[in-house]
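What follows is a set of notes on a single structure, which appears directly below.
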Amino acid sequence: DNGLLTPLAALPEARVHEIRGGRFHRQRVAPTFHGRDLFAPAAAHLLDGGAIESLGPRIHDPRLLNLPEARQTAAGLEGEVVHVDRFGNAVTSIRDADLEAVAAPLAVAVAGRRLALCRTYADVAPGSPLALVGSSGRLEVAVRDGSAAEGLGLERGSQVEVVDAGGAGEGGNPVPPVDV
């Protein structure tokens, strides 16, 4: 598990099976390309209508990674950066569903700054930091037309808080641009 399977295996409707037998993988399986050599042929089998049970035995107690999760606090939520993408956006452990459980309006506190929780990058001026829910369904800290990792000094493990915007109204407090 490279971190992609753990969140899926935690879903209530998930069933985990071991891929066993040569029928569902390439003749020669490289030790570093399981996505190509094991998972792609198994996925093709399932998409073609094959039964998941035919891949191999069900695993009732799979070993899962211990991935960071959001924590509810009296002030809102606490989380951490779990990944920095190639654009310098800091993807956090805070899911969209976690945000829905906290009363709005919200702001994001990170690296000594208070950022607006926005819907799109266009909600702020170029060079300005913001927080938004990205395509992964997780809260991300970004800089429009820049890098949050460089501009705010964010890295894996950096702490992030979701807090009440303090009555600043929709969009949260304005924040000055960051030099990137």
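FYI, it's all coordinate maths here, none of it is from the lab. Here the structure is a predicted model, which is why all the values come from computation and not from measurement. Here the Cβ positions follow ideal geometry from the backbone for every residue, glycine too, while neighbour counts run over all protein chains shown.
Farthest towards the positive end of the charge dipole of the chain, among the residues 93, 39, 158, is the Cα of 39, using unit charges on the Cβ of Lys, Arg, Asp and Glu. For the range 88-160, the set of trypsin sites (Lys or Arg not before Pro) satisfying both a DSSP loop assignment and a count of at most 14 other C-beta atoms within 10 Å is given as 119, 156. Of the GluC sites (Glu not before Pro) in the range 22-86, the ones in a loop by DSSP (not H, G, I, E or B) with at most 15 other beta carbons within 10 Å are 69.
Scanning residues 5 or more positions from residue 115 or on other chains, those with amide H under 5 Å from its amide H are 108, 109, 110, with H placed 1.01 Å from N in the peptide plane.
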